[in-house]
Amino acid sequence: MAESKKSQNKDINNLDKRIEAIEEILAAAAGGDFSAEIPIVMEEADVLTSVETGINILISDLGDEVVQSNKRADQLQEKLDLIKKQRQAIEELSTPIIKMWDKVLVLPLIGTLDTRRSQKLTESLLTEIALTQSKVTILDITGVPTVDSAVANHLLKTVASVKLLGAECVVTGIRPEVAQTIVHLGVDLTGVETLSNLSEGLKWAFNRLNMRIVEEE
Amino acid sequence: MTTLQIKEEADIVRVRSTARSIARGIGFGLVDQTRISTAVSELARNIYVYAREGEVLIEELSNPRHGIRITFTDKGPGIEDIELAEKDGWSSSGSMGKGLPGAKRLMDSMEILSKPGEGTTIIVAKWLPE
Ligand SMILES: Nc1ncnc2c1ncn2[C@@H]1O[C@H](COP(=O)(O)OP(=O)(O)OP(=O)(O)O)[C@@H](O)[C@H]1O
Ligand SMILES: [Mg+2]
C-alpha cells in the first residue's frame, strides 16, 4: 500500500497543465467568478487529484457563501431604507400643524429637535401660515424634555419669522424644570411671548383676534 | 462608567438621554436631571460642531460624595483662549455663545483643558444634594 502510493507520487500526470488549470481557477475566483471547476479524471486519480477536488469544493462553497452574503447585504440595505422611511413618517407624524380655529394654528412640538427637523418644522409652519392666512400661532413645547441653546435659538428664529409674515406667536408648555434651566443657561427669551399651557395660549389667541369664549347660561 | 461616541448629530440626543437616565438612577431630581441633560447637550453639540467627533464618559461618583462626572474629549482644533470662550455671548461661529458659560452654571464644576491643534477635554460634575 505504502509502496503503491509512493509510486503514484512519482508520476503525476500532466503536471504542468494541471498546475496551470489550478492557477486559472484560483485567478477566476479571485476575480469573483466561482463557476469554473478544475476538470478531474477519476480513473487516473493520483496524489494531486485530492488537492484538485479540495480546491473545487472550496471554491464552490465560497461561491455559495458570497451569494448568501450579497443577499444578506441586500436585505440589510432594504431594512435600512425602511428605517429611513419610517423615520421620515414618524417625523411628519410627530409634527402636526393643527388648525385650531380660523386664523389660529397650533404646533405641538414633541421629542427632540435636531437641526434638520427644526428647519423643516419652521418651513412647514411658515407655509401653513401663509396658506391659511393665520394670524396667531401657538408653539407648544410640553413634549420637549430638553431645551438647550440650540432649541432656544430655534424658537427665537421661528418666532421672528412668524412675525415677518405678519402673524403672532406664543410659546406654551414650558415645564418648570425647563424654565429654570433656560434661565441658568442664560438664554434670553424675553422677546418671546410665553404662557404656561395650551389653554392659556388659546385664550390669548382668541383675545388677539378680538374673540371671546362665553359660557351659555 | 459609560462611554459614548459622538459622530453625528443624533448622538447628541443619545448622549444626553443616557446622561439623564444615569442621573435619575443616581437619585437626582427632575430639575437637576434637566440641568445635567441640558449641559451635556451643549458640550456634546460643541464637540459635534467644532471637532466633528469625540467621546463622552459618564461616571457615577460615590466618594466622598454622591454625584455624576461627565468627561468630554475630542481631538479637534482646541480652544485658543479658554477665558474668552467661557464668556457669556462669545462665539467663534456666530452663534449665541451660551454653551460653555451655560453648562458651567448648570453644573457644580467645570474644568476645561485644551491645546490649540490638539483637542479639548471638558470635565463637568454635579453633586447630589445632601
Ligand atoms: N470642543 C470644542 N473644540 C473647539 N472649540 C470649542 C469647543 N467647544 C467650544 N469651543 C469654542 O468656544 C466657543 C464658545 O462655545 P459656546 O458653546 O459657549 O458657544 P457657541 O457654541 O459658539 O454658541 P452656542 O453654544 O450658544 O450655540 C465656541 O464658539 C468655540 O470657538
Ligand atoms: Mg456651543
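The values are calculated or read from the model by the stated rules, or taken from the named source; none is laboratory data. No experiment lies behind these values; they were computed from the predicted model shown. Here the Cβ is made from the backbone with ideal geometry for all residues, glycine too, and neighbour counts use every protein chain on show. Keep in mind that these areas ignore ligands, DNA and RNA; they rest on the heavy atoms of the full protein, side chains included. Shrake-Rupley method; radii C 1.70, N 1.55, O 1.52, S 1.80 Å.
Of the residues making up segment B:96-125, those that are among the β-branched types (Val, Ile, Thr) and either away from ligand 1 (no atom under 11 Å from the Cβ) or without any contact (Cβ under 8 Å) to a residue 24 or more places away in the chain (or both) are B:Ile123, B:Val124.
The set of residues in segment B:80-102 being over 15 Å from the mean Cα position of the chain (by Cα) and within 13 Å of ligand 2 (Cβ to nearest atom) consists of B:Lys87, B:Asp88, B:Gly89, B:Trp90, B:Ser91, B:Ser92, B:Ser93, B:Gly94, B:Ser95, B:Met96. Residues of segment A:180-198 that are farther than 17 Å from A:Val159 by Cβ and either among the small types (Gly, Ala, Ser) or not assigned by TED's automatic domain parsing to the domain that holds A:Thr137 (or both): A:Gly186, A:Ser196. What tally of residues in segment B:18-27 results from selecting those that are open to solvent by less than 40 Å² (accessible area, probe 1.4 Å) and either within 11 Å of chain A (Cβ to nearest Cβ) or among the polar types (S, T, N, Q) (or both)? Of the residues in segment B:18-27, 3 are open to solvent by less than 40 Å² (accessible area, probe 1.4 Å) and either within 11 Å of chain A (Cβ to nearest Cβ) or among the polar types (S, T, N, Q) (or both). Just need a number here: residues in segment A:118-143 that are within 14 Å of chain B (Cβ to nearest Cβ) and either crowded, with 21+ Cβ neighbours inside 10 Å or over 20 Å from A:Val192 (Cβ atoms) (or both). Looking only at that region, the number is 2.
Contact annotation: residue pairs with Cβ atoms under 6 Å, 6 or more positions apart or on different chains, pairing a residue in segment B:50-69 that is more than 20 Å from B:Gly25 (Cβ to Cβ) and open to solvent by less than 80 Å² (accessible area, probe 1.4 Å) with a partner that is within 16 Å of ligand 2 (Cβ to nearest atom) and not hydroxyl-bearing (Ser, Thr, Tyr), are B:Ala51/B:Asp74; B:Ala51/B:Gly76; B:Gly54/B:Ile6; B:Gly54/B:Ile47; B:Gly54/B:Asp74.
Based on what the data block shows, is B:Gly54 over 21 Å from B:Thr3 (Cβ atoms) and either at pLDDT below 95 or within 14 Å of ligand 2 (Cβ to nearest atom) (or both)? So that I can check it myself, show each step before the final result.
Values: over 21 Å from B:Thr3 (Cβ atoms): no; either at pLDDT below 95 or within 14 Å of ligand 2 (Cβ to nearest atom) (or both): yes.
No; evaluated as a whole, the condition is false for this residue.
Please list, ordered by residue number, the helices (runs of 4 or more DSSP H) wholly in segment B:1-110 having 1 or more residues that are in contact with a helix residue (DSSP H, G or I) (Cβ under 6 Å, 6 or more places away or on another chain) and within 28 Å of A:Thr142 (Cβ to Cβ). Don't jump to the end; show me each part of the working.
Numbers: elements: B:9-26, B:30-46, B:82-85, B:99-106.
Where helices (runs of 4 or more DSSP H) fall fully within segment B:1-110 and carry at least 1 residues being in contact with a helix residue (DSSP H, G or I) (Cβ under 6 Å, 6 or more places away or on another chain) and within 28 Å of A:Thr142 (Cβ to Cβ), they are B:9-26, B:30-46, B:99-106.
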